[in-house]
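Reading through the structure tokens given below for one structure.
The values are calculated or read from the model by the stated rules, or taken from the named source; none is laboratory data. Remember, predicted model here, so these are calculated numbers, not experimental data. Quick reminder, even Gly has a Cβ in these numbers, built from the backbone with ideal geometry, and neighbours come from all protein chains shown.
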Amino acid sequence: MDKARLLAISAPHSSDWLFALPVSSCGLRLDNEAVRVAVALRLGLEMCEPHQCPCGAMVDARGTHGLSCRKSAGRGARHQQLNDLVYRALRRADIPAAKEPAGLVRTDGKRPDGLTLIPWREGRCLSWDVTIVDTLASSYVTQCASSAGAAVEAAAARKHVKYAGIATTHTFVPVAVESMGPLGHEASEFLNDLGRRLSLISDDARETSHLFQRVSVLIQRYNAVAFRGSFIEEDDDVSG
């Protein structure tokens, strides 16, 4: 786990939240608890007393269980907020886009998270789908201890399989991110390109770095929400 953690925080853009100015209006501010959780995850420190998660599993003192627990609060909101960040950045870059486009579905009937309404590259519109995986989850930690970003690249590969049909007519990009910060190489290339297009609109050369910082801050913010979701609140404790 420690090797996976150290490799992950050394990956490009994993630590961009550390360089972000805490400006709330720009989505770059973390509250005190989010900073505490982010630092503890980064340094491998204990965050809490061992306790039972609402899912029934035991949470150790490092508190990382909530980052991958399917019943933990914050997972759905984290996905939604990252998708919204991509959508708003495209709109700011003067690229019309739609979330969950009704006319574009994969073979099982599910839709991608978004679609540009004008061509992105080589005459094709861009379709994207957000996925966030936990670096320290038991299913990924061994891979991540061998190679930084192993979990996120595996998740991106699965997205390509699921959206293979859409990729024949559109440019498909999996916006894949790990809980400890690493970005998939396709997501990184996409954000670099998007940041460059934002700079052309705003004439601000810092757009790309600010975009990566927003993504990094968002991940850390919702890591804290997911961590808190591993606690049983007093009102939810039926035994009382």
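When every residue of segment 197-215 is checked against the conditions, at least one turns out to be in contact with a Phe, Trp or Tyr (Cβ under 8 Å, 6 or more places away or on another chain), in contact (Cβ under 8 Å) with a residue 60 or more places away in the chain and crowded, with 21+ Cβ neighbours inside 10 Å. When we screen Arg42, Arg70 for residues that are loosely packed, with under 13 Cβ neighbours inside 10 Å, touching a residue at least 12 places away in the same chain (Cβ under 8 Å) and out of contact with any strand residue (DSSP E or B) (no Cβ under 8 Å at 6 or more places or on another chain), the only hit is Arg70.
Among the residues of segment 146-168, those that are in a helix (DSSP H, G or I) and in contact with a Lys or Arg (Cβ under 8 Å, 6 or more places away or on another chain) comprise Lys162, Ile166. Go through (1) surrounded by fewer than 17 Cβ atoms within 10 Å (Cβ to Cβ); (2) under 15 Å from the mean Cα position of the chain (by Cα); (3) within 30 Å of Arg196 (Cβ to Cβ) one by one and return the number of the condition Asn83 breaks. Failed condition: (1).
Select from segment 151-163 the residues that are without any contact (Cβ under 8 Å) to a residue 40 or more places away in the chain and over 22 Å from Val39 (Cα atoms) and list them in ascending order. Result: Glu153, Ala154, Ala155, Ala156, Ala157, Arg158, Lys159, His160, Val161. Can you find a residue that is surrounded by fewer than 20 Cβ atoms within 10 Å (Cβ to Cβ), closer than 12 Å to Asp16 by Cβ and not aromatic (Phe, Trp, Tyr) anywhere in segment 179-186? There is no residue in segment 179-186 that is surrounded by fewer than 20 Cβ atoms within 10 Å (Cβ to Cβ), closer than 12 Å to Asp16 by Cβ and not aromatic (Phe, Trp, Tyr).
Within segment 53-67, being surrounded by 13 or more Cβ atoms within 10 Å (Cβ to Cβ), out of contact with any Lys or Arg (no Cβ under 6 Å at 6 or more places or on another chain) and not hydrophobic (A, V, I, L, M, F, W, C) holds for Asp60, Arg62, Gly63, Thr64, His65, Gly66.
Among the residues that make up segment 84-106, is at least one of them at pLDDT below 95, in a strand (DSSP E or B), within 30 Å of Ile166 (Cα to Cα) and of a type in the set (Lys, Arg)? The answer is yes, given that some residue of segment 84-106 is at pLDDT below 95, in a strand (DSSP E or B), within 30 Å of Ile166 (Cα to Cα) and of a type in the set (Lys, Arg).
Filtered by the rule that a residue be part of a helix (DSSP H, G or I) and loosely packed, with under 14 Cβ neighbours inside 10 Å, segment 1-35 gives Asp2, Lys3, Phe19, Ser24, Ser25, Cys26, Asn32, Glu33.
Select from segment 118-141 the residues that are under 14 Å from the mean Cα position of the chain (by Cα) and in a strand (DSSP E or B) and write down the one among them that is farthest from Leu43 (Cα to Cα). Step by step, filter segment 118-141, then rank; the result is Trp128.
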